[in-house]
Amino acid sequence: MAISSFSSGVSVLDGQERLTAVRDLSILDTPPEAAFDDVVLIAAQVCQASAASIGFLVEGRHWFKARIGFDAVEIPADLSICAYTIQQPGLTVIPDLREHPEFRHNPFVTGDPGLRFYAGIALRDENGFPVGTLTVVDRDARPEGLSGVQERTLLALARSVRREMKLRKAERELAQKTEMLDRLHASSEDCIKVLDLEGRLRFMSEGGCQAMEVETFADIEGCNWLDFWTGPTADDARKAVLRAKTGDTGHFRGFCPTVVGTPKWWDVIVTPIMGSDNKPDGLLAISRDITGLQHAEESLRQSEERLRLAIETTGLGIWDFNTLTGERQWTAEARDLFGFAPDTAITQELVLDRIHPDDRERVAGTAYLDQPGDSLTFTNTFRIVRADNGEERWITSVGHTLVDKYGKPTRKLGIAQDVTHHVVAEEALRASQDDLLRQTAHLQSILATVPDAMVVSDEKWIITSFSATAVKMFGYQPEEIIGTSVKFLMPVPYRDSHEGFMPHYRQTGERRITESGRVAVAQRKDGSTFPMEVHLGEMESGGQRFFTAFIRDLTDRQYTEKRMQELQTELAYMSRLTAMGEMGSTLAHVVNQPLTAITGYLKGCGMILDRMDGEHIPMLRHGIEGAVEEALRAGEVIRQLRAFVARGETDQGVEDLRKLLEEASALALAGAKDKGIKVDFDLPHESPKVLVSRVQIQQVLLNLVRNAMEAMQDVNERNLTIKAEVEDEGAIVRLSVIDTGSGIAPAVQERLFSPFTTTKKTGMGVGLSICRTIIEAHGGKIWAESTPEEGTAFHFTLKAVKEEELAEAAEV
Ligand code: ADP
């Protein structure tokens, strides 16, 4: 069949291409449109045809976009005459279809509507590809064809359809682009704006409105975008607009707050929008909010600055070792620490070589070995010998091993720092701590031995420390008393006065040491009291004030002082009594001799008188007898006086020699220290007992010691030794008082123990004579050994009382 053979003339490829081309037009199966309808109306009228159409051939059908004179929306393509015309260039005119070899059997020719005349022209897309036709048909044949006007009109109409199609495509593309742009605007966080050439806002994307924190664009439409910028950025914005106006792209970064005032940083690009005359007729400004980025950059910059500062101020060196490539990177500071030159190629050997031999193995073991299970971070402090000047320094290095996913080390990264001054300071600290410990131990040993108790309290008088002596003195254990008030160490009436003086002390902030040697009454745990002497000191530690009280128990001292006073009184009395007795005795002795002589002479006179006579003889005899009687009476008085003195009125007892000596020395040696006299006691280990009149022997000792001290007044070396030795298998005790004084003058030596022998201006010269009387009365001996200019030793003996005798006495 002719038609089918014609139909087969339309290649499959053409069909495919046309389909794509028609689809591109987006015209298929769309409703009628006036622009196309007008064209077919004009075509039908101008050509005075019964029907006209604009149709598109695709997928085996001929679909009519516009038609006049018939109703069919589409016809099968193989029945369409246009399938032929579409292949033809220019206008195809068939005057009588019945005569045409191809179409005379076409059903539209042979049957309804019985077409005879046909004129058609291919409609081409913008690429010149035929997609459809503009056709006029008539039921009458037209042997003359179309007139020249009709042909030109059809050609013009075809061009018009083509333009319409092009326009449609352009519109569609524009719509697509607009939609794309709209979506882009909506989805983009950038602030997209269209400005006029003066910078006034003409459009802003939705995302832009959000970014600028404005509800709708209408709120800011027409505002000048340049006014948003202030400071130096305003200038940048103006310059960017100027560049865009000349066809370039302007770019700047600046700070401007949003419409509601949130401060934001923006990165802005301004480009021109070209008009039809290829000159900018608007500007596109795209601003991106880079506040976060700016902050991140700022904080990065700050942390870099801090790191740089840290590196500079601490001299921190950073080293980086790639274990795979063996590449090492050391910062300038790291090199400086080791004294490596900037161009030194650093190797493991070189580094290890700088490490002190004593530390080398240890460092190599941790830094360079990677044993399974090793910690990935390692720290070493070691000594190095600097490469440049050989100086020994301490370095601390902290490293971290980075591993790949198989756990294999790939990199070691770390820092190194010179810690010499830390190490030196630490050593000094350790030394001073040792010192402190030693000093503390020393102080504690002193505090443990001093007889004073030490009680430390805080500002509120709460006890914080209680020494071992305090425990002994007060009977409290530290745990019982620490944390309570010091007032519990005093009995009731004193507690209040204590409370009274403390606040005064705090407020006025008086001197550091107060109350030096204040005597008060203390109370023990068992309630008993004792006299105490308190020395109070203040110290400050850790911003807090503490008081340290040194407390001395005065019980013993007060007893001693009282005892001394008693002794002194006793001795003074006895001294006077003895001196009187001694003088009386001496007087009696001296007077007795003349009395005896007188009696003798008188008796002689009586015998002479017996041989004489005379009246006055009896009277003379009476006188002489009376004188003899009186002389004898005087002698008797003196005898009685001597007997009284000799009686001595002494009460002897068993005395401890050491105690006796100590008491006497305490009295006698008063002021010895001030006179620069060094006193030594040399006593037997076990103190002997002696049967003596304690007061008399102490009187002897007192006398000997005072004489010795007086004898040393004018010499430089002043040593006094008081010595006691047991002799004669414990039967006798020899006491010696030895001085380094002037010695005894030979003249004095002979009459030393005689009464009234003295070399002193105020001396009575009875001291030694009394001593001899007392010692002899005790059954002992007294003597002196002296070398002039060297010194004197006085010795005397006393009878010792043996243990057995003591026991016996006890039994009796
Ligand atoms: P007085 O001390 O009153 O002179 P004493 O009988 O005690 O009387 O002493 C007699 C004298 O013996 C002293 O004046 C002194 O010259 C001498 N004498 C006593 N003891 C010493 C002595 N240790 N060293 C030197 N001379 C002494």
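Numerical summary
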{"item": "Percentage of interatomic Cα-Cα distances in the stretch 183-334 larger than 19 Å", "result": "62"}
{"item": "Cα-Cα over 24 Å, subset of 239/279; 472/673; 193/239; 193/245", "result": "472/673"}
{"item": "Stretchable slack from residue 674 to residue 140, in nm (0.36 nm times residue separation minus alpha-carbon distance)", "result": "175.2 nm"}
{"item": "Residues 277, 196, 556, sorted so that the one with the fewest Cβ neighbours within 10 Å comes first", "result": "277, 556, 196"}
{"item": "Relative packing of peptides 138-144, 337-343, 791-797 - highest average C-beta neighbours within 10 Å first", "result": "791-797, 337-343, 138-144"}
{"item": "Neighbourhood net charge (9 Å Cβ-Cβ; Lys/Arg +1, Asp/Glu -1) for residue 691", "result": "0"}
{"item": "Alpha-carbon centroids, the stretch 162-215 and the stretch 68-110: separation in whole Å", "result": "47"}
{"item": "Cleavage-rule hits (GluC sites (Glu not before Pro)) in the stretch 721-812: DSSP loop, at most 10 neighbouring Cβ within 10 angstrom", "result": "729, 789"}
{"item": "Of the trypsin sites (Lys or Arg not before Pro) in the stretch 754-805, those whose Cβ has at most 12 other Cβ within 10 Å and which sit in DSSP loop", "result": "760, 761"}
{"item": "Spin-label model distance (nm) - residue 685 vs residue 411, 7 Å beyond Cα toward Cβ", "result": "8.4"}
{"item": "Modelled label reach - residue 48, point 7 Å along Cα→Cβ, the stretch 141-172 residues with backbone N closer than 18 Å", "result": "141-154"}
{"item": "Residue-span extension gain [residue 658 to residue 203] - 0.36 nm each, minus C-alpha spacing", "result": "151.5 nm"}
{"item": "Computed over the stretch 1-155: relative contact order in percent, which uses C-alpha pairs under 8 Å that are six or more apart", "result": "24"}
{"item": "Local electrostatic count at residue 738 - Lys and Arg +1, Asp and Glu -1, tallied over other residues with Cβ under 10 Å", "result": "-3"}
{"item": "Near-label residues of the stretch 45-83 by backbone N, under 17 Å of a point 7 Å along Cα→Cβ of residue 155", "result": "47"}
{"item": "Stokes-Einstein diffusion coefficient of the stretch 758-810, Kirkwood radius over Cα pairs, 20 °C, 1.002 mPa s, in µm²/s", "result": "156"}
{"item": "Convex hull volume per residue for the stretch 275-366, taking Cα atoms only, in Å³", "result": "235"}
{"item": "For residue 282, distant residues with modelled amide H under 5 Å away", "result": "273"}
{"item": "Residue-span extension gain [residue 462 to residue 760] - 0.36 nm each, minus C-alpha spacing", "result": "101.1 nm"}
{"item": "Dimensions in Å of the chain - Rg and Dmax from alpha carbons", "result": "71.4, 250"}
{"item": "Under the span-like rule (Cα at least 18 Å along the axis, Kyte-Doolittle mean at least -0.5), DSSP H helices of the chain", "result": "12-25, 34-47, 420-449, 555-610, 617-647, 694-711"}
{"item": "Distance in nm between pseudo-label sites at residue 306 and residue 783 (7 Å out along the Cβ direction from Cα)", "result": "10.0"}
{"item": "Cβ-based exposure ranking for 118, 601, in which fewest neighbours within 10 Å come first", "result": "601, 118"}
{"item": "Mean separation of Cα contacts under 8 Å (6+ apart) over length of the stretch 144-238, as relative contact order %", "result": "17"}
{"item": "Candidate lysines - alpha carbon under 22 Å from residue 760, same-chain residues fewer than 8 apart omitted", "result": "675"}
{"item": "Long-range amide H partners of residue 203 with built H, under 5 Å", "result": "194"}
{"item": "Residues with amide H under 5 Å from that of residue 80, placed H, sequence gap 5 or more", "result": "none"}
{"item": "Estimated distance in nm for a label pair at residue 540 and residue 636, the labels positioned 7 Å out from Cα along Cα-to-Cβ", "result": "9.1"}
{"item": "Percent RCO, i.e. relative contact order, over the chain, from Cα pairs under 8 Å lying at least 6 residues apart", "result": "5"}
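Read-outs throughout are calculated quantities, based only on the coordinates presented, and are distinct from any laboratory measurement. All values derive from a computational prediction rather than experimental measurement. Every residue, glycine among them, receives a Cβ derived from its backbone with ideal geometry; neighbour counts consider all protein chains shown.
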